[in-house]
1. With each run of n ≥ 4 DSSP H residues scored as -39500 (n - 2.57), what mean residue ellipticity at 222 nm is computed for the chain after dividing by its residue count and rounding to the nearest 500 deg cm²/dmol?
2. So which trypsin sites (Lys or Arg not before Pro) in segment 102-154 end up in coil per DSSP with only 14 or fewer other C-beta atoms within 10 Å?
3. In a GNM of the chain with a 10 Å cut-off on Cα contacts, which of Ala81, Ala46, Ala140 has the highest mean-square fluctuation?
4. Could you calculate the contour length gain from Leu245 to Ala46, that is, 0.36 nm times the residue separation minus the distance between their Cα atoms, to one decimal place in nm?
5. Relative to the Cα centre, what is the charge dipole magnitude of segment 138-208, using +1 at the beta carbon of each Lys and Arg, -1 at the beta carbon of each Asp and Glu, and rounding to the nearest 20 debye?
6. Using the Cα atoms of the chain to build a convex hull, what is its mean projected area in square nanometres?
7. Compute the longest continuous run of the chain that contains no exposed chymotrypsin sites (Phe, Trp or Tyr not before Pro); treat a site as exposed when its DSSP state is not H, G, I, E or B and it has at most 12 other Cβ atoms within 10 Å.
8. Among Ala140, Tyr79, Thr170, which residue has its Cα furthest toward the positive end of the charge dipole of segment 47-178, with +1 on Lys/Arg Cβ and -1 on Asp/Glu Cβ?
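What follows draws every value from the coordinates through simple rules; no lab data is involved. Everything numeric in this text was worked out from a predicted model, so none of it was measured. Positions of Cβ are generated from backbone atoms using ideal geometry, with glycine treated the same way; all protein chains shown enter the neighbour counts.
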Amino acid sequence: METMSDFTVTSTITFRPHRIPPRCRKPRPVQETFTHEFPVPCVSSADAPMVALVPDDRGYYGTMTRDEAPLRAHAGKLYVAEMRGRLPVMAGSGAFPSTDSHESWSAWEYEAIEEAGKRFKDILIVDGEVWKATPEPAYAIVTMGLGGNHGGTYLEIDYAGRYSRRYTLTDYDAAVEAAVSFAIKRGDTNTIGVIRKTPKATILDPSVFKIPSETDALAAARAEIRTLAAQARDILYGTLTRASLTEARDLAEKAASVFWQHDLEEFDAE
């Protein structure tokens, strides 16, 4: 592992502490300025290897239309490149200079530093290029309209964890079949062909992806439902009160929600 020096950003920070000005009795906000250095870690591409190429049709990762966005992994996090058009942002360039400024309305210096440092918190510089941490992307089933081909069912790449029916990028075939099955149940037969043409991510290192496979996710969902059902059953077998019935109802609704999220129909309670 190659050791590289951090890239340092010197930030000029303005904040507003409460001071007592000359010839005054009460404190009031006074604008003051100081400088603070933010170290941004630098590594080589060998220490942050490329682990996947993800279709970025909508430009969420900042690539041009229909380009694939590379993902890198380092210290348990995934990173995507900061882009300007088709060019990566370089550390020290105009898009990521070594000097910065921040204006805060806080009265506390440490809060102003925290505000100014948010921009650099999840940044990693790889061979001089600026990369930012990103949530693990996944395939997700997305629906529109009421079903019956009024709208449709689709399979998309979820870049930010917005959807509940998510499937790991390492299991494309399972995600496609799950989406097709869901489309059939909704009567969205017109979009089945679209689902089967969903762009596929190229996986270079499957070990870094942590979202459970469909098999593991279903097993966990069934276990959660059984636990919730057992808790509700224990309540109903005891003394019944308005509060206990409300608690049992809440547990049943939560179990039903897990059924819906994973498109489950029925299974044995034990």
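1. -9000 deg cm²/dmol
2. On the way: sites: Lys118, Arg119, Lys121, Lys132; in loops: Lys121.
Sparse-neighbourhood loop trypsin sites (Lys or Arg not before Pro): Lys121.
3. Most flexible of the set in this elastic network: Ala46.
4. Gain on stretching Leu245 to Ala46: 65.8 nm.
5. Numbers: 8 positive and 7 negative charges, 44 e Å.
Computed charge dipole of segment 138-208: roughly 220 debye.
6. 23.5
7. Values: sites that count: Trp105, Phe267.
After excluding every exposed loop site, the longest remaining stretch is 106-266.
8. Among Ala140, Tyr79, Thr170, the one farthest towards the positive end of the dipole of segment 47-178 is Ala140.
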